[in-house]
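Step one of this worksheet: look at the structure below.
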Amino acid sequence: MPVGEQRSMVARMAIKTWENPLAGPPSSTAPDAYEDKHSHRLVFYYKVAALLIMAMGLFWAAIFAGWHQWSVVIADLALAGLAAMGWLLIASGQLNAAMIVTQVALLVFAVSYALMFDAPNAEFPRIVHLYLLVLAMLGYINHLRRKSKFQLAITAACLCAFVVLSCTSYAFPFAQTIPDGIRSVGIWINGVLATAMMWGGIYTIQREFTRPKGLALELRNAVGNEEMELYYQPQVNQAGTIHGAEALLRWRHPQHGLIPPNDFIPLAEEAGLMPLLGGWVLQEACRTLAAWRHDPVLGKLTLAVNVSASQFQVEDFESSVLELIKMHQVNPARLKLELTESVIVHDLAPTVARIENLRAIGITFALDDFGTGYSSLSYLRKLPLDQLKIDRSFVQESLECDRGAALVKSIIQLGIDLGFVVLAEGIETDAQHAFLIDCGCHEFQGYLFGRPMPGDAFTDHVRQAVMAAPTPPRVGSLHAALMVRAKRAKTA
Ligand code: C2E
Ligand code: MG
Ligand code: MG
């Protein structure tokens, strides 16, 4: 695996631990991934907590043994045993089972202990019930980790028990209250321990579940800090000639390296940062087109820019595009805007008007990831588009089963009949390419023709393809050119 890709994977993994469970339920497609996000550190905290409880149980058992309080010793040993069982369950990977068993057992234990050994008297208040607050917090943390009615119920039960035990001096009729000599010390030790555990819970929530705010902040500053980059992926026509590129956003995070868009765009959407990021992408794309303008090879390429629905709906989107084109003296025909089906969530009429206004000056429009969104075909008739981009999931399935092949064939035919230029994304093999050509697909994009690459690498790539192309040189015929080079190398 190339080093860049490895770094990107590491960054992806690192950043995934920051996703925000407070933001809503996990996606139905990735419950395990969702569950894993916080588990690593939380498992560590839970194991430490189990060991602490075990140590506490053994410590008190030893103290009470010295006072010949055998029933309390048995209770404290039971607590240590319970903590040991919880530790074993967590260590064996059964986090959820460990949580359910230990939380219920600890709730029963704390209430029973309070009623049996810890009835308040004129001198000493009850203390053990403070641990119910810790248990309630544990339930809430677990609920944040993974939404659960059980965790909410256990949290509510702990809080109710805490209130009742705080406000009353209830005790079992057969209670054996701990001697005052030990209680005078115990209230301090338990008070400090329970407070420390509460603080640990607050720290855990803050550290594990509020981090995305920090990330959103970093994301907002990333543009100003020049951490955003555009990568370019070639798009080729039926002759194998590169006729354009898609600009794809990357975040070069100072600590986590290169982060791919799928790992930060959802957060940017959620934080309302897409107009900011998208604005930067458009500006950078126009700069690139301006830099390519006078180049005999690059000047003929189109550049496709992804525009999110939230960015497209911003009031001044149209005027800002016009302004950028004017400022950088870009030929609008070289700029293609890629929209996804999510734009139709919004009012269709203003969307259509906006597309038409921008098309009027020569900008073209593509519908990205076709078939993966809202699946209403009526908008194909209503949206004034130039290009249909078939999502790579369809391309990948096209050779896996007859239905996959039939689907791709039908989509391409539909696009052709409706007068669109049809581009297939995510082509990785010659077989996929050949099949798509047979189906009449017009344009192609995928690793087979080139991965997304930084601007300099992309221009080198295009020039190299032109140099390798048979005379007369065509504009960056990468695929054909590389084949020619391979043939030359073979015959040499
Ligand atoms: P997209 O617009 O559909 O872009 C194509 C994605 O497919 C890119 O992922 C590209 O690297 C990947 N890809 C291309 N060919 C192949 C292939 O042969 N095999 C495989 N497995 N993947 C291939 P990338 O760059 O990670 O971008 C993911 C998505 O992030 C994009 O999907 C687009 O929806 C979004 N995105 C990227 N840049 C921007 C941006 O500037 N603005 C907005 N709004 N969205 C962006
Ligand atoms: Mg795209
Ligand atoms: Mg796409």
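The values are calculated or read from the model by the stated rules, or taken from the named source; none is laboratory data. Everything numeric in this text was worked out from a predicted model, so none of it was measured. With ideal geometry, Cβ positions are generated from the backbone for all residues, glycine too; neighbour counts draw on all protein chains shown. Accessible surface is based on the protein model in full, side chains and every heavy atom, while ligands, DNA and RNA are left aside. Shrake-Rupley method; radii C 1.70, N 1.55, O 1.52, S 1.80 Å.
Starting from the Cα-Cα distance between residue 205 and residue 177, subtract it from 0.36 nm times their residue separation and give me the gain in nm to one decimal. It would help to have the intermediate numbers written out before the result.
Details: separation 28, 0.36 × 28 = 10.08 nm, distance 3.56 nm.
Working it through step by step, the gained length comes to 6.5 nm.
Provide the gained length on full extension for the span residue 92 to residue 58, in nm with one decimal, where the gain is 0.36 nm per separating residue minus the Cα-Cα distance.
On the way: separation 34, 0.36 × 34 = 12.24 nm, distance 2.30 nm.
So the chain would gain 9.9 nm between residue 92 and residue 58.
Say R0 is 22 Å: what FRET efficiency, to the nearest 0.05, do residue 460 and residue 252 get from their beta-carbon distance? Can you show the working numbers first?
On the way: r = 20 Å, r/R0 = 0.90.
Calculated value: 0.65.
Can you pull the three principal axis extents for the Cα set of region 44-139, in Å, largest first?
45, 26, 18
Ignoring the sites themselves, what is the longest stretch of the chain with no GluC sites (Glu not before Pro) in a DSSP loop and at most 10 other beta-carbon atoms within 10 Å? Please list the in-between numbers first.
Values: sites that count: 123, 226, 315, 400.
Result, exposed sites excluded: 1-122.
Over 21 Å between Cα atoms: which of 300/336; 47/149; 382/409 fall into that group? Could the numbers behind the result be given before it?
On the way: 300/336 13 Å; 47/149 24 Å; 382/409 23 Å.
47/149; 382/409, as the Cα separations exceed 21 Å there.
Just grab the label-to-label distance for residue 357 and residue 447, each label 7 Å out from Cα along the Cβ direction, in nm (one decimal).
For residue 357 paired with residue 447, the spin-label model returns 4.2 nm.
Between exposed chymotrypsin sites (Phe, Trp or Tyr not before Pro) in the chain, where DSSP calls loop and at most 16 other Cβ atoms lie within 10 Å, what's the longest gap? Display every interim value, and only then the final one.
Values: sites that count: 67, 170, 174, 374, 447.
The reported range is 175-373.
Accessible area per residue of region 39-208 at 1.4 Å probe, in Å²? Don't skip to the end; give the middle numbers.
Values: 8390 Å² over 170 residues.
Using a 1.4 Å probe on heavy atoms only, each residue of region 39-208 averages 49 Å².
Using all C-alpha to C-alpha distances in region 388-459, build P(r) with 10 Å bins and read off the rounded percent in each one.
21, 52, 21, 6, 0
Can you tally the net charge around residue 190? Count Lys and Arg as +1, Asp and Glu as -1, for every other residue whose Cβ sits under 14 Å from the Cβ of residue 190. Before the final figure, lay out the partial values.
Numbers: positive: 126, 183; negative: 76, 118.
Within the 14 Å Cβ shell, the charges total 0.
In region 39-208, how does Rg compare with the Kirkwood Rh, expressed as the Rg/Rh ratio over alpha carbon atoms?
On the way: Rg = 15.7 Å, Rh = 16.3 Å.
Expressed as Rg/Rh, it is 0.96.
Where a ≥ b ≥ c are the square roots of the eigenvalues of the C-alpha gyration tensor, would you call region 89-188 rounded, which needs a/c under 1.5, or, failing that, prolate if a/b is larger than b/c, or oblate? Spell out each step's value before the answer.
On the way: a/c = 2.57, a/b = 2.07, b/c = 1.24.
Cα axes put region 89-188 in the prolate bin.
Can you tell me how much longer the chain between residue 156 and residue 189 gets when fully stretched, taken as 0.36 nm per residue apart minus their C-alpha distance, in nm with one decimal? Don't skip to the end; give the middle numbers.
Values: separation 33, 0.36 × 33 = 11.88 nm, distance 2.61 nm.
Gain on stretching residue 156 to residue 189: 9.3 nm.
If Lys and Arg each add +1 and Asp and Glu each add -1, what is the summed charge of the other residues whose beta carbon sits under 15 Å from the beta carbon of residue 168?
Details: positive: 126; negative: 118.
With Lys, Arg at +1 and Asp, Glu at -1, the neighbours total 0.
Spin-label point model (7 Å from Cα, Cβ direction): what's the residue 437 to residue 399 distance in nm?
Placing both labels 7 Å along Cα→Cβ, they lie 1.3 nm apart.
I'm checking a number: the convex hull volume of the Cα atoms of the chain, normalised per residue, in Å³. What is it?
Working: hull volume 99.3 nm³, N = 492.
Normalising the Cα hull of the chain by residue number yields 202 Å³.
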